[in-house]
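Enquirer: I'd like to ask you about the structure that follows.
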Amino acid sequence: MIVVILVVLAAGATGIAARRRWIGSERAARRLLGTMLYVLLPVVTFANVAHLRLTTEVGVGLGLAYASLVLTGLAGWFVGARILRLERPQIGALIGAGLLANTGYLGLPLTVALIGTQQLPTAVLYDQIVSGPTLLIAGFGVGAAFGTRAGEGAAQRARAFAVRNPPLLALVGGLIAGPRLAPPWLLDVSHVIVLALLPLGFLAVGVNLAAHASASRTSGRALGAALGLRLVFAPLALLALSRVALGVPDTYRLQSAMPTAVNSLVVAHAYGLDLPLTTAAIGWSTGLVLAGGLAASLLI
C-alpha cells in the first residue's frame with residue numbers, strides 16, 4: 001500500500017514539474033498516452049484475456065456489477081445533460097469518470113492490504129471481466145458518442161469507435177486465440193507492462209493537472225458530480241443490487257469504490273472529451289481513495 005502511494009505521488013509530482021519546466025511536456029504526454037493506447041494496452045488485453053477462465057459461480061455478482069455501472073452511466077448522463085447543462089465533451093468526461101474505475105493499479109493492491117491475499121483472485125476476475133470490457137466498450141463508446149474528435153453523425157462516430165479502439169480488437173483476438181496462441185512468457189510480459197503503466201499513467205496525469213490547474217465554477221460542480229458518481233453512487237448501486245442475491249464477494253464492493261481510472265485519460269485524449277474534468281476526477285478521486293485506504297489499513 002505504501003509503495004503504491006509513493007509511486008503515484010512521485011509520478012504525479014514529476015509530471016507537474018515537467019509541465020512547469022519543459023515546454024514540450026504536453027506533447028510528450030499525448031505521445032505517451034498514444035503509446036499506452038495503441039501498444040501497451042493491446043498487449044496486456046490480448047495476453048490476459050487469452051488465459052482467462054470464468055466460472056458460473058461468480059456470474060451473478062458480475063451481472064450485478066454491470067447493472068450498477070449501467071445505472072451509474074445513466075445517472076452521469078442525466079446529471080450532466082439535464083441538471084448541470086454541460087457541453088457534450090464535458091458530459092462524456094463526466095460519464096467516463098463515473099464508469100471507469102482503477103480496479104487494476106489500485107484495486108488489486110488495496111484488496112491485498114485490506115482484505116487479504118486469499119481474495120486477490122476474485123479481485124483480478126472483477127478487474128478483467130467488469131472493468132476491462134467497461135473500458136473497451138462503454139468507455140470508448142462514450143468517447144465516440146460525446147467527443148469532439150470522433151466526427152459528425154452516427155457513421156463517423158461508429159468508425160472512430162472501432163479505429164481508435166485497438167484494445168477491443170485485442171480483446172476479440174484473445175478470445176479467439178486462447179492460451180495456445182498466447183504463450184506464458186507473453187503473460188509475464190503483460191504483468192511487467194501493467195506495473196509500468198502505473199507510473200506512466202500518473203506521469204501523464206501530473207502533466208495534465210498542471211496544464212489545466214484553473215477550473216471554472218461549472219467545472220467545479222462537474223468535478224463534484226464526477227466524484228459523487230464514482231465514489232458514492234457506483235458502490236451504493238452495487239450494494240443495493242446485491243441485496244437481491246446472496247454471495248456477492250466483498251472484493252466486488254471494494255472494487256466498485258475505486259477511483260476514476262487512469263485509462264479514462266486515454267479515452268478523453270483519443271476522442272476529445274474534456275481533459276480538465278477527466279484529469280481532476282482522476283487526481284481527486286485517487287487522493288481520496290488512497291487516504292481512505294491508508295487509514296483503513298492502519299486500523300486493521
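Enquirer: Which of the three applies to the chain, rounded, prolate or oblate, going by the alpha-carbon gyration tensor with a ≥ b ≥ c and a/c under 1.5 meaning rounded?
Expert: Note, shape of the chain comes out rounded.
Enquirer: If contacts are Cα pairs under 8 angstrom and at least 6 residues apart, what is the relative contact order of the chain in percent?
Expert: RCO, the chain: 37 percent.
Enquirer: Which value at 222 nm does the chain reach when only helices count, each DSSP H run of 4 or more adding -39,500 (n - 2.57), with the total divided by all residues and rounded to the nearest 500 deg cm²/dmol?
Expert: -22000 deg cm²/dmol
Enquirer: I would also like to ask the following. Tell me the per residue accessible area of the stretch 186-285 using a 1.4 Å probe; a whole number in Å² is fine.
Expert: 38 Å²
Enquirer: Rounded to whole Å, give me the distance from the Cα center of the stretch 224-240 to that of the stretch 63-111.
Expert: Taking the Cα centre of each part, the stretch 224-240 and the stretch 63-111 sit 8 Å apart.
Enquirer: By its C-alpha gyration tensor, with a ≥ b ≥ c as the square roots of the eigenvalues, how is the stretch 256-300 shaped: rounded for a/c under 1.5, else prolate for a/b larger than b/c, else oblate?
Expert: prolate
Enquirer: Now for a separate question. Where the accessible area of the chain is counted over protein heavy atoms with a 1.4 Å probe, how much of it, in %, is carbon and sulfur?
Expert: Of all accessible area on the chain, carbon and sulfur atoms account for 67 percent.
Enquirer: Once whole DSSP H runs in the chain are found, which of them have Cα atoms spread over 20 Å or more along the helix axis and a mean Kyte-Doolittle score of at least 1.0?
Expert: 2-21, 59-78, 184-211, 275-299
Enquirer: Compare the peptides 139-146, 174-181, 38-45 by average per-residue count of other Cβ atoms within 10 angstrom and give them in order, highest first.
Expert: Ranked from most to least packed, the peptides come out as 139-146, 38-45, 174-181.
Enquirer: Using a 10 Å cut-off on Cβ atoms, rank the peptides 10-18, 188-196, 288-296, 105-113 from the highest mean neighbour count down.
Expert: 105-113, 10-18, 288-296, 188-196
The values are calculated or read from the model by the stated rules, or taken from the named source; none is laboratory data. These numbers were taken from a predicted model, which means no experiment stands behind them. Every residue, glycine as well, gets a Cβ built from its backbone with ideal geometry; the counts of neighbours run over all protein chains shown. When the accessible area is computed, the model is the full protein with side chains, heavy atoms only, and any ligands, DNA or RNA have been set aside. Shrake-Rupley method; radii C 1.70, N 1.55, O 1.52, S 1.80 Å.
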